[in-house]
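Quick note: the coordinates plus some simple rules give every number you see, no bench work behind them. The shown structure was predicted, so the numbers you read here are calculated from the model rather than taken from an experiment. For neighbour counting, all protein chains shown are included, and Cβ atoms are generated from backbone atoms with ideal geometry for every residue, glycine included.
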Amino acid sequence: MQADDDADMETVDGAFGFVPRALTVTRPASPSPSFRTDSYSIVNWTDNNDIFGDPRPSLSDAAPSSSTPYNTIRFASPSPVKASKSLGLLPKIWDALRDSSPTKRGKRRFENISSSFWSELDIDGIVDYASLPPLDGEEGELIDDEACFIDVRAVTGLDIITLLPEEVAIHTLSYLDLKSVIACLSVSKTWRRLAHDNALWRRLFRNRKVDGWALDLRKYNVQTPASLLAMSHSGLGSRHLPAQLQLDWRDLYMTRAELDQRWAGTSVVGTSEDKENATVFEPRMRKLSGHTDSVYCLEFDSSKIITGSRDKTIKVWSLKTGKCLATFSGHNGSVLCLKFDKDWDLDPANALSEEESAESYSATGHSLWRKGFMVSGSSDSSVCVWDMYSCPVERSDGTVDMAVTAVVRGILRGHTLGVLDIRIDGKWIVSCSKDCLIRVWNRVTLELHCTLSGHEGPVNAVGLQGNRVASASGDGKMMLWDLATGKRLRIFEGHDRGLACIEFKGDTIVSGSNDYKIKVWDANTGECVRTLAGHDNLVRALSFDTRNGRLVSGSYDRTVKIWDLTTGKLLREFKGCHTSHIFDVNFDASRITVLTGLAPNGGLYIPQNIPQLPSDWQSKWKDHSFVDLSVEVLSLYISSEEISRGELRALVEKSYKTFRNPDVTPLKKLDDKTYILELFHGPTFAFKDVALQLLGNLFEFFLVRRNARQLVDGKMERLTVVGATSGDTGSAAIYGLRNKANISIFILHPKGRVSPIQEAQMTTVTDSNVHNLAVKGTFDDCQDIVKELFGDHEFNKTHRLGAVNSINWARILAQTVYFFLSYFHLCSQLPPSSDDVEIQYVVPTGNFGDVLAGYYAKRMGLPISKLVVATNSNDILARFWQSGAYEKVDSNESVSSGDATEPAEGASDGKQAQAAGGVKETLSPAMDILVSSNFERLLWYLTYETTEVDANAHDESRRLKAGETVDGWMKLVKSDGRVQVPTSVLELARKDFVAEKVTDQQTLDTIRSQFNATESYIADPHTAVGLAVARRVAQHKYVSLSASTIQVVLSTAHPAKFSEAVTRALSNAPSFDFERDVLPEEFKGLLERKRNVVDVEAPDVELVKKVIEKYAERSEPAQESGVSGGSV
């Protein structure tokens, strides 16, 4: 048989293998016609003129008897047969020839093929031959490569395919489409056998190349590590690719067809007969956990996934088992990006020589090492070039796995800031950075080839195709560069905001942006071909395949979307699979890998992992100042890529130089067992200055950094800070943010329910960027409004809201520092023999933020024996530790409906009273809170540690389950007013905490007794609550009898802020004079100053929105300050 020039006729074993010309048999030529016309010939075909010769049967022998002397055969004018003309032709032949009756036509169903088989191929199983279009000729049908037509009126029941040589028959059927091949299965046993032929299905598979179907023979029938190990023991040093027809092409075809349907969302789970219960196939999801911090980048091939993390490591995972195969360290910062040569371990060309693998061979007993190549970029501004090595190894338990190791070949230096993205090919390494530059390195020599500059913002992503590089920047522009000349070819403009990612393949570039859009570009013309809209947040990651036209995108909206790149149609969307920002996506024919990191999930921020203190922290930190400790503690949570250590120190120093005491939060001794930690030496004389002075400078720091890049068409970015206060938070936040450029601050306080001094501290600040809202309601009403504002996506997006309440976790973090400082100061005052001392921290609290900071310090490793929660009559926290019920109203109290709580004497310091069952008015108004928002954070940790999950479940499942549980509890508190937690949660809470409540009378008594003590001390009512609880706890069961316990009571506010309560408590003390003993110079005349306040007549979020919309854009510090007022 002569070799076909078709590309599919490859030299492989099987039906289409070539043979020497000498071994072929030439078929006799067709007989000359006795009569000829322009279109056909008529042949008198008799026994004496049988072209097949004996013993092949003639057509006349096969045909039934007829009155005609010959069977009519028509030959068209000579011309080659075209595949497009042959598709679908044979069904008509089968219909005409399948039996002796020419009258049986119409539709036919192949009943012997299962319905599920038709369903899988999207065919209904019925072929309507009568409706097929007419073909060339008159009534005949084209059947072979000599363009022969058979008159079906004279010849019926003839099986032409069976009469052909099998190789020719298979080649003929290979021109059919899938539906026709399926129809062949029901013609006859011979046709069924031919239609199952492997070579036929190989041809069908290869016909789908235009749809992106391809097969890498290196990945097919891939040997497992165990088989590779056996190969090494048998002395076989290399792998052999399977021959083409060793593969099951029909199975490959069916599998790939099913995958296409799954990608398109048309694959269903269930049978075609049960359409009502059939559901669209959903992919299985598997999560990998092992990094100790956020994971920023990933790449994968057919056998492994490689990830880079903020924990400064690179991990290699088995794609099949999810097992971590290796961990590498080489960077001093977060690993932000990486690329490697895919499937380098499958290519025999990467095998090490005997000399190169000698050391490995002696260690492992085999020589199957493969060498690969990887490049990684880091926030430390370096690019690491790695040599990767892999080899199968036998474990101690008898299992065989793949060993992976890596060695840093070289470090590429040149960038001055973090390296954000990398691309590699056989010639180049391309890196881009926050320093606004792109650097191109020679892959072989590792020398710098060129530097591309032109962007005005950080270059977030690059793409590489041949000698062209595409770059995407936060400046909103995308550029195309020529590596040969180092020149810029063109600029692509079209996105409304900064670009976050690009993909460059062939002549197509796809970009994703902070304008939530995806754009498809022609790299040659610069034209934007189409825009894909659908994401609700920044588009962070893209991956597409030019062969099948499939595009996958990942976004900060926590969704993954699949698009048709050609039409722009959204094919599939995966929601709810991720609870955090998506950083990276990759895909192949059968899977998508998605990378997520730390981000909000609709609740409060918490760190995913609480870092542990360094082993030498006690000796290294013991002489640190408050600023030094702040840098050390904050650095455990804040990446140097976000804020460098030098920048962090400058921010901390700037924040705490406003404090009046050089220790910032000094420790004062009352007696041998009791110390006071004074937290009120900041600008507003309250503990919240510690956090909010730093927070204000952090806001300004990031805003200045962003505006320096002018991300949005040169327009300066603004920040609108919103907070609620029961007194101290408002003034501390205002003093932290007053006169800050491009920042507006709106503070809500309950009208008439904060102390006069607290109100004056807020409302007498007349900077134009400061706005006070007096809401007719309670603090809880104010806090609910703030939470609702942050939950309004559109409003938040428009005004760029920022939080100052303790719902901002940065506040909690800042407050952990004074627990460390007081520990060191206390240790310095104790005798050296005090090793058995236990330290209790007693914290007066309402919103649970200050004591939660102590909890984080304890979890980090600070030796705290107990955290004591001190509450006033608003004792929701104290009642929780008694019963495990978190309830707004004490179920044991009996108060008639509609009764009101009587105001306490001296309560003008902060009136929070309302109907019974609500917030009670007390002498310590900053603690008059019904529901403690930060307590939700503690509940999550308690729930997480007591949650039982399947032994095989990943840690992420446990986290999600804990979050769902706490979310359900908080909804019950909101709807029903209470929730009862499980006993396991309550018992765990009691291991670290003790809680007690104090009445107003006990508060007054404590202020009085402490003033008259040997070490006289004037305490504000909140500090007095803490002192009262400390004394009670010291006399009861909470103290270990075998140890000496020292209590440190947090003093949260200066007594001058609560003048009426302090004056009433000490009115009978002859030696007391408020102005002399208490009142600081800063407070004198404060109440008489001008006010800046807007009244809000109801606790309505829409009213508050109106105020923010009215004033936010007009808040420019450069304007002249004045007094504003009004109401809504």
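Brief remarks follow.
- L570 paired with L446, simple spin-label distance in nm, labels 7 Å along Cα-to-beta-carbon: 4.6
- Look at M388, M254 and count the other Cβ atoms within 10 Å of each Cβ; fewest to most, that gives M254, M388.
- Student exercise, the range 615-717 dipole from Lys, Arg, Asp, Glu Cβ charges, in Debye to nearest 20: 180
- For the range 932-994: rounded, prolate or oblate by the Cα gyration tensor [a/c cutoff 1.5]: oblate
- Full extension of the segment from K669 to T190, taken as 0.36 nm per residue of separation minus the current Cα-Cα distance, would add 162.3 nm.
- The gain in end-to-end length when the D1100 to E166 segment is fully stretched comes to 327.9 nm, 0.36 nm per residue minus the alpha carbon separation.
- Residue separation of D507 and S1009 scaled by 0.36 nm, minus their Cα-Cα distance, works out to 172.5 nm of gained length.
- Cβ crowding within 10 Å ranks R206, R705, R540 as R705, R206, R540, fewest other Cβ atoms first.
- Placing pseudo-labels 7 Å out from each Cα toward the beta carbon at N537 and D623 gives an inter-label distance of 4.7 nm.
- Each of D177 and T485 was given a label point 7 Å from its Cα along the Cα-to-Cβ line. The distance between the two points is 4.8 nm.
- Under 17 Å from a label point set 7 Å out along the Cα-to-Cβ vector of N524, the amide N atoms of the range 430-470 belong to 465-469.
- Residues L613, L176, L748, arranged from fewest to most other Cβ atoms within 10 angstrom of their Cβ, appear as L613, L176, L748.
- Residues whose amide H falls under 5 Å from that of I610, counting only those 5 or more places apart or on a different chain, are absent, with hydrogens built in the peptide plane.
- Modelled FRET efficiency - R0 45 Å, E964 with L417, Cβ distances, 0.05 increments: 0.70
- Basic side chains Lys and Arg get +1 at the Cβ, acidic Asp and Glu get -1 at the Cβ, and with that the dipole of the range 932-994 about its Cα centre reaches some 260 debye.
- The residue list W940, Q980, G963 was ranked by how far each Cα lies along the charge dipole of the range 932-994 toward its positive end, using unit charges on Cβ atoms, and Q980 comes out on top.
- Relative contact order %, the range 932-994, counting alpha carbon pairs below 8 Å whose residues are six or more apart: 34
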